[in-house]
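Worksheet: one structure, shown below.
No lab work stands behind these numbers, since they all come straight from the coordinates. Quantities reported herein were computed from a predicted structural model and do not represent experimental measurements. Here Cβ is always computed from backbone atoms with ideal geometry, including for glycine, and neighbour counts include all displayed protein chains.
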Ligand SMILES: [Cu+2]
């Protein structure tokens, strides 16, 4: 009954609005016995409304940067991330400058050159100078941006990985496991058909390279050292996403994918930065409202491909530390061989 009455009220309100609009239409015809459908006054009000809405929208874009700008990701903590940030900043500045100039001109001109009694439009068939200007300038700017983008892409995606520390990240619904290559810095072969018992990654137990591999549930990275991360997936397509590192790579069943990067800031260093302290104060004040314990900042590797019901919680902690701390942690981890023999 309540639903029916609600519908009835909405319908009556709509009918009322239509009738009021009709009254205004008829009244304006009676007041203005003119053969012109639009008067100068109408044009002025419409142009003014357009100016207010247009400039209001443009101003809101600027205001939203000020209001929510602090919520965007902090600068990437990797070498290649700095190159991406420069490209992002230059592209963003170009787009925003163009946006604010063209939007302002669009709405100001719509007001300035609104329809007026006796006004005629300027009819211009061709202008070589203008044609050259708006072809040549965008062509040069876009070519420079694309060349810069290609260079950044190549530096990011095809770097020299000689001497990089090799780590495998294994995806499955709904968790991540990491495998370190051990002293030989080479991962043993693995295939899903070998999965069984403690061998959850399907590592080939007869491959001598796998003997010193270490399977762990937390990713540790030495700062300033190039990392070659290799990805595999057991079931569906996942995507390993490390937002603070500008790193993302799909993990595809039956395929090996990889991403090389060099972390440049330890977890301890970023926790001490003023910007991060303020961010975490914001996070913890929200947690406190829900009665949750405060947390410290940690880098994280997330799944960025909707891979199933618990996708939202598919993550693994990432710790960037000094080479000494990393060596000490790695030496404490059990090798694959001792893990299998203890079974
Ligand atoms: Cu996933």
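Give the number of residues within the range 169-184 that are buried (at least 17 other Cβ atoms within 10 Å of the Cβ) and either more than 16 Å from the ligand (Cβ to nearest atom) or assigned to a loop (DSSP other than H, G, I, E, B) (or both). Looking only at that region, the number is 5.
Scanning the range 185-230 for residues that are assigned to a loop (DSSP other than H, G, I, E, B), surrounded by 19 or more Cβ atoms within 10 Å (Cβ to Cβ) and within 25 Å of the chain's Cα centre (by Cα) yields one hit, 223.
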